[in-house]
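Here is the structure we will look at, set down as structure tokens.
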Amino acid sequence: MKNPLVRQALTLWVPLVLTYVIVLLLVQAGVVDAYMQVTIATICINIVLAVSLNLITGFTGQFSLGHAGFMAIGAYATALVTMRFDSIVGFIGGLLLGGIIAALVGFLIGLPTLRLRGDYIAIATLGMAEIIRILLQNFEFTNGAAGLSPVPQYMDWTWFFVLTVGSVMLIRNFVRSRQGRDAIAVREDEIAAESIGVNTTRSKVLAFTIGAFFGGVAGGMYASYFYVIKPEQFGFLKSIDILVIVVLGGLGSLSGSVIAAFLLAIISTLLQPFPGVRMILYALLLIVIMIFRPQGLLGNRELSLRLLPGLRKRRRDDAGTEAA
Amino acid sequence: MEQLAQQLVNGLALGSIYALIALGYTMVYGIIQLINFAHGDVYMVGAYVGYFCMVHLNLGFVESLVIAMAVCTVLGVVIERVAYKPLRKSTRIAVLITAIGVSLLLEYTMMFFVGADTRTYGVLPPFMEQSFNVGGVLITMKQIIIIGVSVLLMVVLQYIVRRTKVGKAMRAVSQDADAARLMGISVDNTISFTFALGSALAGAAGVLVGVYYNAINPLMGVLPGLKAFIAAVFGGIGLIPGALLGGYFIGAAETLVSGYWSSLYTDAVVFGILILVLIFKPTGLLGSNVREKV
Amino acid sequence: MKRILTGLAAATVGLAMLAGCSGGAGTAQAPQGDTIKIGLNYELSGDVATYGEASVQGIELAAEEVNAAGGIDGKKIELVKYDTKSDAAEATTLATKLMTQDKVITVIGPATSGGMKATIPVAERQKVPVVSGSATADDVTVDGNGVKQFAFRTCFNDSFQGTAAANYAVKKFSAKKAVILRDSSSDYSKGLADAFRETFTAGGGEIVSEDAYAKGADNFNAVMTKFKGQQFDVIYLPGYYTEAGKAIKQARDLGVTQPILGGDGFDSPVLAEQAGAQLKDVYFTNHYSSADQDPKVQDFIKAFEAKYSAEPNAFNALGYDTLKFVADGVSRATEKTGEGVQRALAETKGFAGVTGTFDVDENHNPVKAVVFIGYDKDGKLFSEKG
Amino acid sequence: MSILDVKQLTRSFGGLTAVSHVDLTLDQGELVGLIGPNGAGKTTVFNLLTGVYPPSSGTIVFSAHGQTTSIGGKAPYAICRAGIGRTFQNIRLFKELTVLENVMIAFQQNQRYPLPTSLLRLPGFGRAEDEIRDGARELLEVMHLGHKAEEYAVNLSYGEQRHLEIARALATRPTLLLLDEPAAGMNPTETANLTRLITQIRQDFGLTILLIEHDMSLVMQICERIYVLDHGIVIASGTPDEVRSDPKVIEAYLGEEVDHA
């Protein structure tokens, strides 16, 4: 408590580095087998996707159904760059380029559409993602429906760790800053936010652009780990998958998204033997959460020891909170 | 010229389907401001009910159409009561996510029972396979049926909304639910009725498509559902004439893009139209600006 | 900061749980004991669930037959079936799971080339073969870096079929001009179209017009009306029966009368159901003909109809053959390991399946003869060897 | 010297004219009331002044910090930054945020630091955040909410929520403060406290205040001038005494009484 730097080191950096080293050792010792590694990779990618969508939908209140579109841009950029420049520099460059193009597209789409009301944004973003997918399917340089393969694999545990933790921390830093609070104010009450000087369009576009950037980075992580990318992988259902993680964890809770990414990996594994009913259960899960616990696992709170014994009381009248 | 006329006939038939689906979207949106994502899947269920009636029960086209509409009516009301009503006071995002959930539930439950593969309506009565050559333009009986049934249903809908008590209640609730409640209108029943009407139309559209294309599958509702929604937005969501205008416009646009440019880009163009409309006239062609109450 | 720590703790717990469930599954299994485990890694939900489901039907029928006949060296085949959700990344994940945790001797699937390609690097690393009955892209088994040692398939590749169709168009219809309508969401369709175009134009033909539809498309009126306004001799429609049936019907309804050619994606009873009486002057390349009096073919059709009360389609037949092909490889393998099976499969000679008798060539492609299935101008079914 | 000059302000919705040809002037440091029966268009005037709706016609000229700008039709945030703060009749707090955060968000609009500082926690972040936090806390103390800083806004009592709205508006450093029924729903003691507070903050922050209020005793007690609005038209203006005795005002209010009876 006395020295914030020491405290930060103890509570943040030490556990992080330990996690990294332990998993690294387990991988090398063969305790974490190949399947576990793929699962960890999927979880990491889902965390980055969910956290970045949460910034847009959970923190800023802008309902996006097009996150897979940003992911697609990042994936294709990374794949195209690394297939041409097969080196670590190409990989980093591709990852950054993917994020930047995704952010640019997010900016260009967000600028006009984010003035619209909530559910229109949902449809506009859905339309954007579909257009991206159709274009990728029809461009020559993206190799059409066949997609790109083989994409050189640069992602390993170290990269997953760095990129996932880095993305989560940057987004966390954002939401706990002036700009982040502005975004949250927009979610809470757009008219009130405007009345106290928040440039709501700017706030929304900023959050949307940053979210798009990390969506693109997640796409790059995906492309550089799974060898093959095809336009159809980035369809509407992918956007829904990401949304489910965010909703399950809680709109406006970063730790919720992280936990939900793990939880869904477990659920997905458990449902693996029942392909016929998997999607049915998934759909039911969505409906049941919305009816009985619309705030998700953690609501808009972060997981914290302080939260547990109800030190912070709050009225449970979420139903009365304003829509849109 | 002949080709253009032919394409417009094609577009008219397609547009009728979109218009029928769009009506359900627009009525539901008008009354509870919900994009009912499951609406396209109600249309799919309608197509399967029609299939079951015609292929397995050997019923005629008209009987099958009526039964499919009836089943979808019930389905629409059940969806509303079970999934949406408990969320009447929730955030819009919550309801929208629920709607997506319902949509997936219908699709995959259907897939679980009938499989993912395409089903066909089989051999139709010979009179439905006729076609007419009008000055070089080929019009099939099925196109005539689609356009005819759609127009008939739209007229009936207009009558219900304009002239009946429950139709007036619908309009009242969509104007101001609280005021309607004070005037003794049962808001819940009116909302259910709106779902019933919209779903019946979607069910009819499902059977018509089944007959027209002779092929149905559990995911057939996704894309037409989205396009019908776009049609509703294009015309001005919440407005019944808007849905008609939008439906026929999208149908024609799609046909002309395939006919004179490339089928590759039909879907992209439709989504592009959506984004342009949202940017330049978010209230749609026939809509007027209303701002949130402060 | 504490929040991050607790988040991390939770994450670690989650990881542990994950290790728990998967580890549990892994250790509970007896190491290749009384059964021979074969993994099925197929699209059972999502966009292309139809292809996955159909393949699995054929595979399961074949597995039952093998087991009923006493299995392989007295051991029954045990199928471990997973759903890729039509997602290539999921296919990678599940192939890894099948190979490392379920310890299967071979993985069959996925159905699509994209899914298949995503599992090949895993196969090479884990030294377990992957076999597909329908991954037709040319570069699935061989690319610029050489042959993928652990990848096999029992179907033609795209250029083989596209080329055969182009030659057929020239030979049978003396076609000079063709239009192509392909499925923009399918790499299979693109592969066939590319090969057709290349062969057709190399032979002096001309592609007058080319268009593409998206998977699930219903409305072909617009594009057929466009074609109708042009001069051409044949339509090449390399797609799946789902859309092809509708396209054929709408073309004929609109008075488009030219011959329509396609690939093995046409092979399904649904094609005839959809096109109905309009299925005239339609021809496609295929592995076999259901009219073939070869008892293998007839027995398969009978058994399939008995089990599923439906006529088999190409995916069913290829799935069936793929399992038989793998079972044959396993029985010939001296060592019952992934590498052993790999060697046996690579040496396959004269494997007699429903979809043809074939050898595996140096590129791990089956060397098969093509059959042309046709519905003539009166809608009468016939077949001829290519 | 006038800081707000409204001329011929008109706004119609569809066929309905909510506000018609309103002229209104506020001098530096004045405390002015805006009263009228329900539905007279008072809140619409506020919404026009703060840019929630653009005016259909008419001009709004605002002078502060030696600058004179026409603000009719500008975006709400720009009007706020020009120096007009407001509260809402139907309370629009950020319910899921703490009391302190509510005020911080308003306060930080004048304490800007760039995005990289936020994302990378560059040097200067901590100091800037501390300044925002401290500034917000000070304002909470002024509005007697210091002890509730860590509560969620949704958990405050009605009266406290109204106080918080004022604190939040003050945090934007306005020169003109628009209060929309600040005493609505308060008991007489609370109203008396609020009345004192309003006079005090006006003095301490050098504010000009325009106030919509139904509580006539409050209005008559603290307002120096009053505008009376009925059916979107200014029917009277002047000192409390003048307005009180204006027959048109009496009629407008009596008419309302009759309606309610």
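Table: residues versus (1) away from chain C (no Cβ under 14 Å); (2) open to solvent by 20 Å² or more (accessible area, probe 1.4 Å); (3) closer than 16 Å to B:Val269 by Cβ.
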residue: A:Gly110; (1), (2), (3): yes, no, no
residue: A:Leu126; (1), (2), (3): yes, no, yes
residue: A:Ile131; (1), (2), (3): no, yes, yes
residue: A:Gly147; (1), (2), (3): no, no, no
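When we screen C:Lys280, C:Lys249, C:Lys307 for residues that are touching a helix residue (DSSP H, G or I) at 6+ places or on another chain (Cβ under 6 Å) and surrounded by fewer than 20 Cβ atoms within 10 Å (Cβ to Cβ), the only hit is C:Lys307. The residues of segment D:84-111 that are buried (at least 24 other Cβ atoms within 10 Å of the Cβ), more than 8 Å from every other protein chain (Cβ to nearest Cβ) and closer than 28 Å to D:Asp215 by Cα, listed by number, are D:Ile84, D:Thr87, D:Val99, D:Asn102, D:Val103.
If the condition is being closer than 24 Å to C:Gln126 by Cβ, open to solvent by 30 Å² or more (accessible area, probe 1.4 Å) and not acidic (Asp, Glu), then segment C:44-101 contributes C:Lys75, C:Lys76, C:Leu79, C:Lys81, C:Lys85.
Can you name the residue in segment D:121-150 that is outside any helix (DSSP H, G or I) and closer than 23 Å to D:Thr191 by Cα and, of all such residues, is most open to solvent (accessible area, probe 1.4 Å)? Per the stated criteria, the residue is D:His144. Filtered by the rule that a residue be closer than 25 Å to B:Gly101 by Cβ and assigned to a helix (DSSP H, G or I), segment A:223-238 gives A:Glu232, A:Gln233, A:Phe234, A:Phe236, A:Leu237, A:Lys238. Look at (1) surrounded by 14 or more Cβ atoms within 10 Å (Cβ to Cβ); (2) in a helix (DSSP H, G or I); (3) away from chain B (no Cβ under 14 Å) and you find that C:Gly374 fails only one, number (2). Within segment D:175-192, the only residue that satisfies the criterion of being open to solvent by 10 Å² or more (accessible area, probe 1.4 Å) and closer than 16 Å to D:Ala106 by Cβ is D:Thr175. Contact map, segment D:148-165: residues that are more than 9 Å from chain A (Cβ to nearest Cβ) and at negative phi paired with residues that are open to solvent by 10 Å² or more (accessible area, probe 1.4 Å) and assigned to a helix (DSSP H, G or I), Cβ distance under 6 Å, separation 6+ or inter-chain. Pairs shown: D:Gly159/D:Glu190.
Might you check whether a residue that is of a type in the set (Val, Ile, Thr) and free of Cβ contacts under 8 Å to residues at least 40 places away in the same chain occurs anywhere in segment D:38-51? Checked against the condition, which is being of a type in the set (Val, Ile, Thr) and free of Cβ contacts under 8 Å to residues at least 40 places away in the same chain, segment D:38-51 yields no hits at all.
Here B:Leu219 qualifies as of a type outside the set (Lys, Arg) and open to solvent by 10 Å² or more (accessible area, probe 1.4 Å). A single member of A:Val205, A:Val186, A:Val165, A:Val175 is more than 7 Å from chain D (Cβ to nearest Cβ), within 15 Å of the chain's Cα centre (by Cα) and crowded, with 20+ Cβ neighbours inside 10 Å, and it is A:Val175.
Among the residues of segment B:181-217, the ones that are under 19 Å from B:Phe229 (Cβ atoms) and within 14 Å of another protein chain (Cβ to nearest Cβ) come to 4 in all.
Only one of the listed residues (C:Lys215, C:Lys226, C:Lys190, C:Lys172) is outside the structural domain of C:Asn316 (by TED's automatic domain parsing), surrounded by fewer than 19 Cβ atoms within 10 Å (Cβ to Cβ) and basic (Lys, Arg). That residue is C:Lys172. Considering only segment B:37-60, how many residues are touching a helix residue (DSSP H, G or I) at 6+ places or on another chain (Cβ under 7 Å), touching a residue at least 12 places away in the same chain (Cβ under 8 Å) and under 17 Å from B:Arg119 (Cβ atoms)? Selection size over segment B:37-60: 12. Inside segment A:235-263, residues that are over 14 Å from the mean Cα position of the chain (by Cα) and more than 9 Å from chain C (Cβ to nearest Cβ) make up a count of 1. Here B:Asp178, B:Asp117 are screened, and the one residue that is facing another protein chain (nearest Cβ under 10 Å), in contact with a helix residue (DSSP H, G or I) (Cβ under 9 Å, 6 or more places away or on another chain) and open to solvent by 30 Å² or more (accessible area, probe 1.4 Å) is B:Asp117. Residues that are open to solvent by 10 Å² or more (accessible area, probe 1.4 Å) and in contact with a strand residue (DSSP E or B) (Cβ under 8 Å, 6 or more places away or on another chain) within segment C:339-359 comprise C:Ala346, C:Glu347, C:Lys349, C:Gly350, C:Phe351, C:Gly356, C:Thr357, C:Asp359, listed in sequence order.
Six or more apart or on different chains, Cβ atoms under 6 Å: show the pairs whose first residue is in segment C:316-330 and more than 14 Å from C:Glu53 (Cα to Cα) and whose second is open to solvent by 10 Å² or more (accessible area, probe 1.4 Å) and charged (D, E, K, R). Cβ pairs passing all conditions: none. Each residue in segment B:227-258 was checked for being assigned to a helix (DSSP H, G or I) and surrounded by 24 or more Cβ atoms within 10 Å (Cβ to Cβ), and 19 of them qualify. Residues that are open to solvent by 20 Å² or more (accessible area, probe 1.4 Å), in contact with an Asp or Glu (Cβ under 9 Å, 6 or more places away or on another chain) and either assigned to a loop (DSSP other than H, G, I, E, B) or more than 10 Å from chain C (Cβ to nearest Cβ) (or both) do occur in segment B:262-278. So, of the residues in segment A:149-160 that are crowded, with 19+ Cβ neighbours inside 10 Å and either hydrophobic (A, V, I, L, M, F, W, C) or outside the structural domain of A:Phe234 (by TED's automatic domain parsing) (or both), which turns out to be farthest from the chain's Cα centre (by Cα)? Ranking the qualifying residues of segment A:149-160, first place goes to A:Val151. Screening the candidates A:Leu16, A:Leu10 for the property of being over 21 Å from C:Ala95 (Cα atoms), open to solvent by less than 40 Å² (accessible area, probe 1.4 Å) and within 9 Å of another protein chain (Cβ to nearest Cβ) yields one hit, A:Leu16. Residue pairs whose Cβ atoms lie under 8 Å apart, sitting 6 or more positions apart in sequence or on different chains, and linking a residue in segment C:228-239 that is among the polar types (S, T, N, Q) to a partner that is surrounded by fewer than 20 Cβ atoms within 10 Å (Cβ to Cβ), are C:Gln230/C:Val208; C:Gln230/C:Ser209; C:Gln231/C:Lys177; C:Gln231/C:Val208. A:Ile210 - would you say it is under 17 Å from the mean Cα position of the chain (by Cα), open to solvent by 10 Å² or more (accessible area, probe 1.4 Å) and hydrophobic (A, V, I, L, M, F, W, C)? Spelling it out, A:Ile210 is indeed under 17 Å from the mean Cα position of the chain (by Cα), open to solvent by 10 Å² or more (accessible area, probe 1.4 Å) and hydrophobic (A, V, I, L, M, F, W, C).
Tally the residues that are among the small types (Gly, Ala, Ser) and touching a residue at least 24 places away in the same chain (Cβ under 8 Å), restricting the search to segment A:182-222. Qualifying residue count for the region: 10.
It is to be established whether one or more residues within segment C:15-24 are modelled with pLDDT under 85, over 22 Å from A:Val27 (Cα atoms) and open to solvent by 30 Å² or more (accessible area, probe 1.4 Å). No, every residue in segment C:15-24 fails to be modelled with pLDDT under 85, over 22 Å from A:Val27 (Cα atoms) and open to solvent by 30 Å² or more (accessible area, probe 1.4 Å).
The values are calculated or read from the model by the stated rules, or taken from the named source; none is laboratory data. These numbers come from a predicted model, not from an experiment. With ideal geometry, Cβ positions are generated from the backbone for all residues, glycine too; neighbour counts draw on all protein chains shown. Just the protein is used for accessible areas: all its heavy atoms, side chains included, with ligands, DNA and RNA removed. Shrake-Rupley method; radii C 1.70, N 1.55, O 1.52, S 1.80 Å.
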